[in-house]
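Accompanying notes for the structure given below.
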Amino acid sequence: MTICGIGEALFDVIDGTQVLGGAPLNVAVHAHQLICGKGGQGLVISRVGQDPLGQQVCESLAERKMDTQSIQSDPDHATGQVYVQTDQQGQPRYDIVANAAWDWLQYDPDMESYAQRCDAVCFGSLAQREAQTRNTIYRFLEMCGPSTIKLFDVNIRQDFYSRQVINRSVELANALKLNEDELPVVCKLLGIGDVQAGGERDAMVKIIKQFKINWIIYTRGDQGTTVHTLGSFYEGKPVSANPVEGADAVGAGDSVAATCLVGAVLRKPWDQVVDTANKIGAYVASQCGATPALPDELINAL
């Protein structure tokens, strides 16, 4: 079992501290934690600079016993960085450095083998801000097998998205991840229309029908996650966690996405998957950084 994250690999700079990050990287790292004991792996497909931060990305993944052969080395562009500020509730705001190495991800022969062997892949809109990486992601998705889960994680960040990117990504995907802020924006960009108060489920059903999406992960912060299919929706039990000092919510949604991908690949019941996703998301939100080590009881919950 292989679950890939393709796109940005970077360091979040939170209160002056550098923490490994990037949504597809976070998803792959959390997926790896959940499946490496079951003979599976999470795989990061990205590009870093030939600089100390790029070396740290590879070393951090290797320390987690993850394969780094899918990380490209760029001699001309620096490893990506994102400056993160958190509000009083720990919710993040992002200042994303432009022209990073991950903007120049190249399609090479190895990509085809990665695509054909992956059971699930997570990709986002942020990594598509430059045509080079955007086209590489599209070629990768087109090379995936018919049973591969292709999760589009919408990242409404600064001005690094467009109607064209959102539409094309939804067309290529068969699963989506959205939060409360992103749903109304995406519905407008897709021509679905305004989302009425209490009409979130109806809006997601329209997306599912129009774009042949199998399921949508809808994250709602401390209210937890729901998963929507055409016929039903699944809402896990509310979960709270005791935050450590300096805790932030960075990466919590990515850990939810990873849990849902693992659960879907393993064909676990959605009720169990969403319950586990809520627990893991709450735990990550109670820690510092996007990819803390998960406790054994959470890893074994699936």
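Every read-out reported here was derived from the displayed coordinates using simple, explicitly stated rules and does not represent laboratory data. All values derive from a computational prediction rather than experimental measurement. Every residue, glycine among them, receives a Cβ derived from its backbone with ideal geometry; neighbour counts consider all protein chains shown.
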* Check: the range 2-293 dipole with +1 on Lys, Arg Cβ and -1 on Asp, Glu Cβ, in debye -> 1060 debye
* Anchor LYS206: aspartates and glutamates whose Cα lies under 20 Å away (excluding residues fewer than 8 positions away in-chain) -> ASP153, GLU171, GLU180, ASP181, GLU182, ASP194, GLU235
* Determine ³J(HN,Hα), in whole Hz, for all residues of the range 230-242 in sequence, where each value follows from phi through the Karplus function 6.51 cos²θ - 1.76 cosθ + 1.60 and θ = phi - 60°; x replaces Gly and Pro. => 4, x, 7, 9, 10, 10, x, 5, x, 10, 10, 9, 7
* To do: Would you give the gap between the C-alpha center of the range 13-63 and the C-alpha center of the range 185-227, rounded to a whole Å?
  => 29 Å
* Residue-wise, which Karplus ³J(HN,Hα) couplings in Hz belong to the range 202-218, taking 6.51 cos²θ - 1.76 cosθ + 1.60, θ = phi - 60°, and x for glycine or proline? -> 4, 5, 5, 5, 4, 4, 4, 5, 5, 10, 6, 8, 7, 7, 10, 8, 10
* Structure fact -> Computed ³J(HN,Hα) along the range 104-118: with the Karplus parameters 6.51/-1.76/1.60, θ = phi - 60°, integer Hz and x for glycine or proline, the list is 10, 5, 9, 7, 10, x, 5, 4, 4, 5, 4, 5, 6, 9, 7
* Structure fact -> Counting only residues 5 or more apart in sequence or on a different chain, those whose built amide H sits under 5 Å from that of GLN81 are PHE11, VAL97
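Taking a ≥ b ≥ c as the square roots of the eigenvalues of the Cα gyration tensor of the chain, is the shape rounded (a/c under 1.5), prolate (a/b larger than b/c) or oblate? Write down the numbers at each step before the final one.
Values: a/c = 1.28, a/b = 1.15, b/c = 1.11.
It comes out rounded by the Cα gyration axes.
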* Whole-Å distance, taken between Cα centres, linking the range 136-181 and the range 233-256 -> 23 Å
* Structure fact -> With -39,500 (n - 2.57) per DSSP H segment of 4 or more residues and division by the full residue count of the chain, the 222 nm estimate, nearest 500 deg cm²/dmol, is -11000 deg cm²/dmol
